[in-house]
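Read the structure below first, then the notes.
Any read-out appearing in this document is the output of simple, stated calculations on the displayed coordinates, not a laboratory observation. Note that the coordinates shown come from a computational prediction; the quantities given were computed from them, not determined experimentally. No Cβ is skipped: glycine too gets one built from the backbone with ideal geometry, and neighbour counts run over all protein chains shown.
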Amino acid sequence: MEFGLWKPPADVLHLGERWFIKLEVAGVCPEEVEIVVHRNTLRIRGCRRDMLLEEGYFYHSLEISYSRFERIVELPFTIATDSIRWEYREGMLLIQLQKEDAS
Amino acid sequence: MSSEASTEVLPLLPIKEMVLMVHMEHPVVVGRARSIAAVEAALAGEEKTLVVVAQRDSAVDAPSQQDLYAIGTRALIRKMERRSNGGISISLRGLERVQIEDVDSTNPYQQARFKVVPLPSDQSSEVEALHRDVLEQARQVEELMTSDWPKGLLVQMLESLRDPLDHVFVLASLLRLDVKKQQAIHEANSRLQALRLIHDYLNHEIQVLTIQQEIANQAASNVSQEQRQYMLRKQMAAIQKELGEQNPEQAEVEELRQKLEERNLPEAAQKVADRELDRLERLPPAAQDYQLIRGYLELVAELPWSKSTEDNLDLGHARAILDQDHFDLAEVKERIIEHLAVRKLNPRSRGAILCFVGGPGVGKTSLGQSIARALGREFERIAMGGLHDESELRGHRRTYIGAMPGRIIQAIRNKGVNNPLLLLDEIDKLGRDYRGDPSAALMEILDPSQNVEFRDNYLDLPFDLSRVFFVATANTLDTIPRPLLDRMEVLRLSGYTEEEKVQIARRYLVPRQLKEVNLSEEKVRMSDAVLEQIVRRYTREAGVRELNRQVARVVRKLAVRFAEGNDEPVSVEPSQLPDLLGPERFFVEKLRQETVPGITTGLAWTEAGGDVLFVEAVLMPGGKGLTLTGQLGEVMKESAQAAQSYIWSQADNLGISRDKLQSNGIHVHVPAGAIPKDGPSAGVTMATSMLSLYLDKPVRSDTAMTGEITLAGLVLPVGGVKEKALAARRTGITRVILPKDNVKDLSEIDETIRREIEFVPVTNLKEVFRAAF
Ligand SMILES: Nc1ncnc2c1ncn2[C@@H]1O[C@H](COP(=O)(O)OP(=O)(O)OP(=O)(O)O)[C@@H](O)[C@H]1O
Ligand SMILES: [Mg+2]
């Protein structure tokens with residue numbers, strides 16, 4: 001069972017000191033994405049709106065989750081708030097960050 | 001995001017018997033037109049969201065604002081699927097609590113103006129204490145739950161969540177609380193209140209479960225497992241009823257259970273039914289399996305396991321009924337009476353299956369009906385024609401998509417008794433192919449030593465067919481597999497003479513048709529002269545089906561006149577028939593009853609339509625080679641030569657003596673008719689004529705043929721199959737041999753003709769010969 005808003009799947013990976021979080025959020029408008037950092041957690045929120053919709057379209061079946069999403073990712077360290085960079089590419093949101101104590 | 005004051009508008013979906021709580025996901029089946037429109041509107045939006053609110057009273061079909069609770073849920077349509085009945089299955093997820101300000105019902109769907117009501121987030125030591133208590137209760141409930149609940153799942157689920165409210169919501173949906181209680185939790189304006197509510201409900205649940213377990217423990221010592229479950233279920237139902245805690249699915253399951261109980265199922269069936277009921281209870285109604293299992297259980301419940309009608313074995317009465325329904329047929333009726341007499345003497349002896357054989361419309365089907373009437377049995381006809389797949393008789397396994405029981409079980413279910421008269425109509429048309437041989441299944445169905453435990457694949461339970469009265473019909477015996485034929489007592493109905501048809505019409509068909517349109521017999525007179533005219537000029541058949549149809553046409557036309565005000569009795573004159581039935585039809589001279597060797601009926605096609613043509617071949621002793629007469633076109637001459645070459649080359653295989661070939665010439669003549677004669681399609685006909693001549697064996701007179709041939713004896717497709725079939729029918733042909741590649745053209749042909757004519761597809765001349773003699 002899942003609860004609440006829909007949750008995009010996320011990968012967490014790192015290259016040495018640099019950590020990446022990859023979120024599968026195709027169709028999400030990047031301007032609306034909100035990332036909040038608190039200690040070792042990231043909360044990513046946004047909204048997927050059905051933009052391919054035109055007057056008179058008629059759904060026969062639906063499996064994609066629209067509307068707002070929320071994803072919380074926990075990391076094994078405190079996040080350096082100012083280290084966060086992100087970009088949206090080909091339906092993926094790529095967040096880059098570093099540990100706080102890493103200089 | 002949404003500030004507290006702002007109001008929004010979204011489509012409104014009222015739901016029954018359930019409250020969608022925030023963060024929970026629920027399948028919902030939407031069927032009401034207005035609700036479907038609301039879902040469509042939500043799907044047309046960018047976010048696929050709508051407002052869901054529970055109905056106060058689920059009996060209200062078009063709820064207005066007063067019929068709905070004021071606090072609902074903004075929900076996301078997570079998944080959607082259309083159902084074949086026009087409804088929609090959706091999966092809804094609760095996003096936020098909302099307060100509905102007002103409802104606008106002017107659209108095809110309702111719209112709600114609403115304000116978001118955030119969930120409470122009060123913290124206190126009381127909240128914390130109560131929360132822990134509730135989790136402890138949940139653990140207990142899970143402990144007490146009967147076997148079917150996966151142990152540990154609930155606790156695990158709760159552990160994955162942190163918010164006490166989420167815990168409350170999960171528990172509330174698992175406890176299957178009624179709407180009122182669910183709504184109270186949904187509306188709670190503090191965590192404390194929500195926790196208190198769920199605490200009470202859990203307490204109650206624990207009590208119920210404990211009582212249940214005590215009963216179970218007591219019972220375990222001296223009753224079997226099954227009985228125990230049965231008792232428990234009864235107890236549970238009683239307790240839940242007492243507490244007014246039944247949700248609709250449960251009620252449905254309960255209803256099924258009751259229906260099944262009343263049925264007095266055989267032991268094996270009861271066992272399976274119990275197992276399936278248990279499964280059903282555990283599934284949410286939106287699950288695909290839910291409908292499948294329900295459909296299955298409904299079948300089990302509706303089957304007449306022990307219900308039957310009483311036979312009337314008074315032979316005098318039977319005779320009277322048979323006479324009432326059918327003219328003459330004295331011999332057949334007598335055999336039927338004998339058959340019934342045997343049954344009367346020894347109800348267990350089930351002797352052979354009666355099989356009526358004869359041309360179309362001679363009364364085979366209606367005799368079956370008549371026997372049922374005489375015995376006082378239910379009657380059902382099962383068409384065997386074109387049945388290819390043994391699973392049509394025996395059903396599909398339930399794992400198969402769209403599985404259904406077979407025709408036999410369906411028929412018994414329709415009739416609601418386990419001893420109907422089942423008429424296996426046209427068993428000679430039973431197909432056979434890679435999908436399995438239905439005749440083998442039929443054997444088993446008819447065999448008294450096997451059908452006591454007939455097993456339909458879908459039902460997957462033995463069902464006793466031994467009390468069914470099977471009667472079969474066929475146009476011909478040729479295509480009935482031998483072992484099947486051996487199980488049957490064949491009664492031939494040969495067809496009627498013109499005089500008999502007139503009698504049948506006067507005594508049976510006319511009165512029946514008049515009754516049909518509510519006219520008394522005094523109102524309409526149809527003299528024998530008129531009837532004879534109809535028989536001669538408007539029908540051509542061995543039976544009386546077409547006659548019946550023509551009589552019906554006359555009667556209907558007269559009925560219209562009466563309806564328009566005429567009240568005088570009418571006497572139909574022969575001269576009025578063209579008016580009533582259209583122009584008379586003149587038929588080609590009747591096919592020679594006894595054909596001599598060398599004459600074959602072919603089918604030709606011209607712009608003017610189809611026609612029959614006769615190919616005549618004679619031996620010319622002392623002569624040589626092939627002589628062709630009858631103004632044949634070039635192509636047709638070539639076909640004749642090809643036919644001759646094939647026969648000569650295959651003489652040994654065909655059993656023709658060399659001597660006969662060498663000492664005789666052959667003369668093929670196609671009698672001059674109105675139609676020009678050319679085209680390759682007479683190849684098979686010429687070859688058949690020649691072979692018939694050499695073997696001195698007449699060709700079947702009920703059979704016509706068409707097809708092009710090659711020197712190697714292959715049969716190639718031809719044109720005009722539809723017209724040819726019509727021509728064959730006009731002249732009373734009942735079998736047509738045609739190239740296999742033309743079988744696809746048969747779909748253009750009228751159903752009735754396809755039923756009257758047997759089409760024999762062939763790929764080579766050998767097959768033609770096999771079918772022609
Ligand atoms: N001897 C008869 N007396 C009275 N009515 C008859 C008689 N024979 C046939 N009929 C009537 O003719 C109609 C056609 O008969 P029925 O349908 O039983 O023919 P059938 O032999 O089953 O033909 P098919 O092979 O085409 O199915 C029925 O309405 C039937 O009642
Ligand atoms: Mg029939």
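Remark: segment B:295-306, residue by residue, has Karplus-estimated 3J(HN,Hα) of x, 5, 5, 4, 4, 4, 6, 8, 5, x, 4, 10 Hz, where x stands for each Gly or Pro and the curve is 6.51 cos²θ - 1.76 cosθ + 1.60 at θ = phi - 60°. Equivalent ellipsoid of segment B:495-650: semi-axes from √(5λ) of the C-alpha gyration tensor, largest first, are 49, 16, 12 Å. Think of it as helices only: each DSSP H run of n ≥ 4 in the protein assembly as shown is worth -39500 (n - 2.57), and spread over all residues that comes to -11500 deg cm²/dmol at 222 nm. The packing ranking, built from the mean of other Cβ atoms within 10 Å per residue, places the peptides B:16-23, A:15-22 in the order B:16-23, A:15-22, highest first.
Here is the P(r) of segment B:668-765: all C-alpha pair distances, binned every 5 Å from 0, give 2, 12, 23, 25, 21, 12, 3, 0 in whole percents.
Once both labels are positioned 7 Å from their Cα atoms along Cα-to-Cβ, the gap between B:I337 and A:N40 label points is 9.9 nm.
How much of the pair distance distribution for segment B:248-302 lies past 18 Å, counting alpha-carbon pairs only, in percent?
On the way: 314 of 1485 pairs.
Counting pairs separated by more than 18 Å, the tail of P(r) holds 21 percent.
Taking a straight line from the alpha carbon of B:K271, these aspartates and glutamates sit under 13 Å away, with near neighbours fewer than eight places off in the same chain left out: B:E226, B:E261, B:D460.
Seen from every direction in turn and averaged, the convex hull around the alpha carbons of segment A:1-51 projects onto 4.9 nm². The fewest-to-most ranking of B:R467, B:R191 by surrounding Cβ atoms within 10 Å reads B:R467, B:R191.
Taken along its three principal axes, the alpha carbon spread of chain B comes to 124, 69, 65 Å, from the longest extent down to the shortest. If you wrap the tightest convex hull around every Cα atom of segment B:23-79 and split its volume per residue, you get 97 Å³.
Contact order for chain B, expressed relative to its length and based on alpha carbon pairs under 8 Å spaced 6+ residues apart, stands at 7 percent. Sparse packing (at most 14 other Cβ atoms within 10 Å of the Cβ) combined with a DSSP loop state is found for the following trypsin sites (Lys or Arg not before Pro) in segment B:156-187: B:R162.
Taking the DSSP beta bridges with both ends in segment B:599-772, the antiparallel portion is around 55 percent. Computed from Cα positions, the angle between helix B:528-538 and the longest principal axis of chain B comes to roughly 90 degrees. Each Cα pair of the protein assembly as shown feeds into the Kirkwood radius, which the Stokes-Einstein equation turns, at 10 °C and 1.306 mPa s, into a diffusion coefficient of 45 µm²/s.
Using a 10 Å cut-off around each Cβ of peptide B:40-53, what is the average number of partner chain Cβ atoms that fall inside? Display every interim value, and only then the final one.
On the way: counts 2, 0, 2, 8, 8, 5, 8, 7, 10, 3, 0, 0, 0, 0.
Across B:40-53, the average partner-chain Cβ count within 10 Å equals 4.
Between 0 and 90 degrees, rounded to the nearest ten: what's the tilt of helix B:267-282 against the longest Cα principal axis of chain B? Result, in degrees: 50.
Going from the residue with the fewest nearby Cβ atoms within 10 Å to the one with the most, B:H199, A:H60, B:H326, A:H14 rank A:H60, A:H14, B:H199, B:H326.
Taking the longest Cα principal axis of chain B as reference, the axis of helix B:164-174 is set at about 40 degrees.
Here r is the Cβ-Cβ distance between B:R32 and B:E498 and R0 is 60 Å; the resulting FRET efficiency, rounded to 0.05, is 0.45. When restricted to Cα atoms, segment B:448-513 yields an Rg and a Dmax of 18.9, 53 Å, respectively. The alpha-carbon of B:K660 sits under 26 angstrom from the alpha-carbons of these lysines, leaving out residues fewer than 8 places away in its chain: B:K624, B:K637, B:K697, B:K766. For the segment A:54-66, counting C-beta atoms of other chains within 10 Å of every residue's C-beta and taking the mean gives 5.
Of B:R492, B:R545, how do they rank once you tally other Cβ atoms within 10 Å and put the fewest first? Each step should come with its number before you reach the end.
Numbers: B:R492 14, B:R545 19.
So the ranking, lowest neighbour count to highest, is B:R492, B:R545.
According to the calculation over all Cα-Cα pairs in segment B:599-772, the P(r) per 5 Å bin from zero is 1, 9, 19, 23, 21, 14, 7, 4, 1, 0, 0 %.
In the calculated pair distance distribution of chain A, what percentage of Cα-Cα distances lie above 24 Å? Tail of P(r) above 24 Å: 30 percent of Cα pairs. Considering all alpha-carbon pairs of segment B:414-529, what whole percent are spaced by more than 19 angstrom? Above the 19 Å cut-off, segment B:414-529 has 64 percent of its Cα pairs. Pairs exceeding 21 Å between alpha-carbon atoms, taken from B:K48/B:K115; B:K16/B:K259; B:K307/B:K364: B:K16/B:K259; B:K307/B:K364. Dividing the C-alpha radius of gyration of segment B:597-655 by 2.2 N^0.38 Å, with N its residue count, gives 1.30.
Residues of segment B:638-665 with the amide nitrogen closer than 11 Å to a label point 7 Å from the Cα of B:K766, along Cα-to-Cβ, please. Inside the label zone: B:653-654. Principal axis extents of the C-alpha atoms in segment B:498-581 (largest first, rounded to whole Å): 38, 23, 17. Amide H to amide H, with H built 1.01 Å from N, B:V524 comes under 5 Å of B:V570, counting only residues 5 or more places away or on other chains.
Averaging over all projection directions, find the projected area of the Cα convex hull of segment B:7-116 and quote it in nm² with one decimal place. Write out the running numbers ahead of the final one.
Numbers: hull surface 24.2 nm².
Convex hull of Cα atoms, orientation-averaged projection: 6.0 nm².
The calculated FRET efficiency for B:A552 paired with B:D696, based on their beta-carbon distance and R0 = 51 Å, is about 0.65.
Within a Cβ distance under 15 Å of B:P569, other residues only, what is the Lys/Arg minus Asp/Glu net charge? Provide the component values of the computation, followed by the final result.
On the way: positive: B:K523, B:R525, B:R561; negative: B:E521, B:E522, B:D567, B:E568, B:E573.
Every neighbour counted, the sum reads -2.
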